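Visitor: Questions regarding the structure given below will be posed in turn.
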Amino acid sequence: NYYDAIFNVGVLHHGFRLSRTLWHLNRSLNKNGLMFNFDYVGPAQNNYSDDHLKLLNQINKQLPKRFHSPHRLRPAKEDFTFGDPTEAVNADLVRPTFERFFDVIYQRDLNGGIAYQILWNNISNFENNTDLDSKKWLNYILKKDLEMTKEGKIPVLFWYGVGKPKSKDDISYNELLPV
């Protein structure tokens, strides 16, 4: 009951103990406090479905060669073993766990199911504002991202939500929470 606001910018998807973390964040806010949350909420460990991967590859191949993503569009498990083992470890649980501990007063899906993987570490090819080709293909990627998300063909990968802390009595499974 101390803080007026808490800001999460891309941290929770690295958390192993989301319920415990969000419970403590809930208890840290005063009753009118707000938690601002921007995070990756896609599949855990970026484990995109085969259908999603197929669409990513199709879009990537439609781009001129200089705009292709040079990276694997679905990371391999060994990338996590030898890289960052916490990357997106529980990303698929961020949103429902946030909603367990906070009343969402504002939220917005930020999509990313196509654009994120293609543009990740590939953005420099699209940054030249005077290059009409880069503008054209960036707009194409963003348009496909929005269309395919709306059609339910790809999942939302990024989400922004603002929440107020729920009282302990309003939290599901509250009997499992510390006293």
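Visitor: I want to confirm something. Restricting to region 131-170 and keeping residues that are in contact with a Gly (Cβ under 6 Å, 6 or more places away or on another chain), open to solvent by 20 Å² or more (accessible area, probe 1.4 Å) and outside any helix (DSSP H, G or I), which single residue is nearest to Gly33 (Cα to Cα)?
Guide: Across region 131-170, the extreme among qualifying residues is Phe158.
Visitor: List every residue pair whose Cβ atoms lie under 6 Å apart, where the two residues are 6 or more positions apart in sequence or sit on different chains, the first residue falls within region 4-28 and is under 12 Å from Leu93 (Cα atoms) and in a helix (DSSP H, G or I), and the second residue, located anywhere, is open to solvent by less than 40 Å² (accessible area, probe 1.4 Å) and aliphatic (A, V, I, L, M).
Guide: Leu12/Val94; His13/Ala88; His13/Ala91; His13/Val94
Visitor: Out of (1) at positive phi; (2) part of a helix (DSSP H, G or I), the odd one out for Phe98 is which?
Guide: Failed condition: (1).
Visitor: Being open to solvent by less than 30 Å² (accessible area, probe 1.4 Å), in a helix (DSSP H, G or I) and either modelled with pLDDT of 95 or more or of a type in the set (Ser, Thr, Tyr) (or both): is that true of Phe80 here? So that I can check it myself, show each step before the final result.
Guide: On the way: open to solvent by less than 30 Å² (accessible area, probe 1.4 Å): yes; in a helix (DSSP H, G or I): yes; either modelled with pLDDT of 95 or more or of a type in the set (Ser, Thr, Tyr) (or both): no.
No, not satisfied.
Visitor: Here is a follow-up. Restricting attention to region 1-22, which residues are β-branched (Val, Ile, Thr) and touching a helix residue (DSSP H, G or I) at 6+ places or on another chain (Cβ under 8 Å)?
Guide: Of everything in region 1-22, those that are β-branched (Val, Ile, Thr) and touching a helix residue (DSSP H, G or I) at 6+ places or on another chain (Cβ under 8 Å) turn out to be Ile6, Thr21.
Visitor: Where the second residue is in a loop (DSSP other than H, G, I, E, B) and among the charged types (D, E, K, R) and the first is farther than 23 Å from Tyr160 by Cβ and free of Cβ contacts under 8 Å to residues at least 60 places away in the same chain and lies in region 42-57, which pairs have Cβ atoms under 6 Å and are six or more apart or on separate chains?
Guide: If the second residue must be in a loop (DSSP other than H, G, I, E, B) and among the charged types (D, E, K, R), the pairs left are Leu53/Arg74.
Visitor: Could you grab me the full set of residues in region 106-130 that are part of a loop (DSSP other than H, G, I, E, B) and over 27 Å from Asn37 (Cβ atoms)?
Guide: Glu127, Asn128, Asn129, Thr130
Visitor: Please enumerate the residues belonging to region 1-15 that are open to solvent by less than 100 Å² (accessible area, probe 1.4 Å) and on the phi < 0 side of the Ramachandran plot. If you could, list the steps in order and put the result at the bottom.
Guide: Of the residues in region 1-15, the ones open to solvent by less than 100 Å² (accessible area, probe 1.4 Å) are 5-6, 8, 10-15.
Ala5, Ile6, Asn8, Val11, Leu12, His13, His14, Gly15 - these are the residues of region 1-15 that are open to solvent by less than 100 Å² (accessible area, probe 1.4 Å) and on the phi < 0 side of the Ramachandran plot.
Visitor: Hey, any hits in region 5-19 for a residue that's farther than 30 Å from Lys136 by Cα, of a type in the set (D, E, K, R) and under 20 Å from the mean Cα position of the chain (by Cα)?
Guide: Yes; the residues of region 5-19 include at least one that is farther than 30 Å from Lys136 by Cα, of a type in the set (D, E, K, R) and under 20 Å from the mean Cα position of the chain (by Cα).
Visitor: Just to check your reading of the model, which residue among Leu55, Leu34 is open to solvent by 20 Å² or more (accessible area, probe 1.4 Å), out of contact with any Phe, Trp or Tyr (no Cβ under 8 Å at 6 or more places or on another chain), at pLDDT 95 or above and not in a helix (DSSP H, G or I)?
Guide: Leu34
The values are calculated or read from the model by the stated rules, or taken from the named source; none is laboratory data. Note that the structure is predicted; figures quoted are calculated from it, not measured. All Cβ positions, glycine included, derive from the backbone under ideal geometry; neighbour counts span all protein chains shown. Quick note on the areas: whole protein, heavy atoms, side chains included, nothing else; ligands and nucleic acids left out. Shrake-Rupley method; radii C 1.70, N 1.55, O 1.52, S 1.80 Å.
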